[in-house]
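What follows is calculated from the coordinates using simple rules that are stated; it is not laboratory data. Computed from a predicted model, the values in this text were never measured in an experiment. Glycine gets a Cβ as well: all are built from the backbone with ideal geometry, and neighbour counts include every protein chain shown.
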Amino acid sequence: MAYWMACGSESWKQPLVAGIIFLVLGGLLFFFPEGSLRLFVFLFGLLAFIAGIGLFVGAWMLSRSGGMVFVVPLILGVCAVVLGILSFTDPELIGAFAAVLLGILLVIGGLAGAFSAVSRPGTGTGRALGLIGGLLVALLGFLILFWPRLSSLAIVRIIGVVFMAAGIIALAGSLVLAVRERSCAPPPGFERLERF
């Protein structure tokens, strides 16, 4: 059982699938930035519209209880529906809004990742890579937020490059795990135990 957990777990499959997904997604974002941005804005608008309808239903159900709590989901529903409609009528505005939101999320996520890499126990190499990766993600967020000349298509291409790099790293990790699992030899008598 311990041998299976160490050597037969096939833990290389998850990074392989993640690497392929990141490479394909990154390639689409990098080579087709305009279509990717249009698709993202369309999906964002569709999801916002659906969320708005759901919030309206929630507000209606809460209004039947007689309290004033229904006002919160009602206001949020109106905001979501307006965002959904704007994404279809003025996609450039939604693209700019999404870029600002993405920049903020990248800064927060990158700094949190860098802090986590510094504060967690582990090897020096793993911590250093985590710190560098977190700082690069935060730098990308600052770049998106504070460089107004950076167009939305350039942002989509940069994100595509980041996704492709993440895919390559995941594929390399999957290869290392697969080689480690193949180099494992079963302990003496393991085959005999498996037959029973």
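Report, in deg cm²/dmol and to the nearest 500, the calculated mean residue ellipticity at 222 nm for the chain, where each DSSP H run with n ≥ 4 adds -39500 (n - 2.57) and the sum is divided by the residue count.
Values: 8 runs with 165 residues, N = 196.
When only DSSP H runs of four or more count, the value is -29000 deg cm²/dmol.
Sorted from fewest to most neighbouring beta carbons within 10 Å, what does the list Leu145, Leu37 look like? Show your work: numbers first, answer last.
Numbers: Leu145 16, Leu37 21.
Final ranking by Cβ density, sparse to dense: Leu145, Leu37.
Assign unit charges at the C-beta atoms only (+1 for Lys and Arg, -1 for Asp and Glu), then state the dipole size of the chain relative to its Cα centre in Debye, rounded to the nearest 20. Before the final figure, lay out each step's value.
Numbers: 11 positive and 7 negative charges, 70 e Å.
The calculation lands at about 340 debye.
Packing-wise, with mean Cβ within 10 Å as the measure, how do 155-164, 169-178 rank, highest first? Provide the component values of the computation, followed by the final result.
On the way: 155-164: 18.9, 169-178: 16.3.
Sorting 155-164, 169-178 by mean packing, highest first, produces 155-164, 169-178.
Each residue of region 36-52 in turn: what ³J(HN,Hα) in whole Hz from Karplus with 6.51, -1.76, 1.60 and θ = phi - 60°, glycine and Pro shown as x?
5, 5, 4, 5, 4, 5, 5, 5, 4, x, 5, 5, 5, 5, 5, 5, x
Regarding region 33-80, what whole-number volume in Å³ per residue does the convex hull of its Cα atoms give? Could the numbers behind the result be given before it?
Numbers: hull volume 2.0 nm³, N = 48.
Considering the Cα atoms of region 33-80, their hull volume per residue is 43 Å³.
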